[in-house]
Amino acid sequence: MVSLSRGHYLCLFHFQEHRFRPWPELLAESDQGYAELISLTEQLCEEDLTTFNRFTWTHAGAPLYTAFMGNCYEHTQQHLAQYALDRHDLERAIETYETWASRVVEAEVPDPLKGTVLYNLACFYATHNRLEQAKSPLQQAFTQYPATREFALTDPDLIALRPHFSA
């Protein structure tokens, strides 16, 4: 049985609530929401976005940029990949994950963000029986964001790769 995170549950709820609305209307609403988010974000300084424990309401004191990346960027990527998977197009789903991950890794962003994105790419590979492809991004994730190594020790997505974790 698959367990849904709170975020995915809310997304499913919103999908059911809006599934019959016209696509142009949904797209316009989404564009407006993103424009408002960008406008608000531009009012923040770099310290507001990148400092750990700056805001007490972020998950585990994480920097604010992690909420933006998780809820906006990666969430959208996951839906696009799932769309391809639902149509039995694993190669398109892999291409989606790889393209979106490479954009973050090549950008001037904090190493922990790069590590998180690489870790998630490795998990995607591993859960789709692409273990050889998962090894390199996982090792890169450990380098970019060492905290991922500890998390990987208990992550069920990576069970098959644990014997290959290098020190």
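The values are calculated or read from the model by the stated rules, or taken from the named source; none is laboratory data. All values reported here derive from a predicted model rather than from experimental measurement. All Cβ positions, even for glycine, are placed from backbone atoms using ideal geometry, and neighbour counts span all protein chains on display.
Numbers below:
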| item | result |
| --- | --- |
| Cross-chain or 6+ apart pairs with Cβ under 8 Å, the range 118-138 first and aliphatic (A, V, I, L, M), then loosely packed, with under 15 Cβ neighbours inside 10 Å and assigned to a helix (DSSP H, G or I) | ALA126/ALA160; LEU131/ALA160 |
| Residue list for the range 57-89, restricted to those being surrounded by 15 or more Cβ atoms within 10 Å (Cβ to Cβ) and either in contact with a strand residue (DSSP E or B) (Cβ under 8 Å, 6 or more places away or on another chain) or of a type in the set (Gly, Ala, Ser) (or both) | ALA62, ALA67, GLY70, ALA81, ALA84 |
| Subset of the range 22-59 (residues that are more than 15 Å from CYS72 (Cα to Cα), assigned to a helix (DSSP H, G or I) and modelled with pLDDT of 85 or more) | PRO24, GLU25, ALA28, GLU46, GLU47, ASP48, THR50 |
| Close pairs (7 angstrom Cβ cut-off, 6 or more residues apart or separate chains): in the same structural domain as THR116 (by TED's automatic domain parsing) in the range 74-98, outside any helix (DSSP H, G or I) and surrounded by 14 or more Cβ atoms within 10 Å (Cβ to Cβ) anywhere | LEU90/HIS128 |
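Table: residues versus (1) surrounded by 15 or more Cβ atoms within 10 Å (Cβ to Cβ); (2) touching a strand residue (DSSP E or B) at 6+ places or on another chain (Cβ under 8 Å); (3) within 30 Å of THR41 (Cβ to Cβ).
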position	(1), (2), (3)
GLU91	no, no, no
SER102	no, no, yes
LEU113	yes, no, yes
PHE124	yes, no, yes
PRO146	no, no, yes
PRO156	no, no, no
ALA160	no, no, no
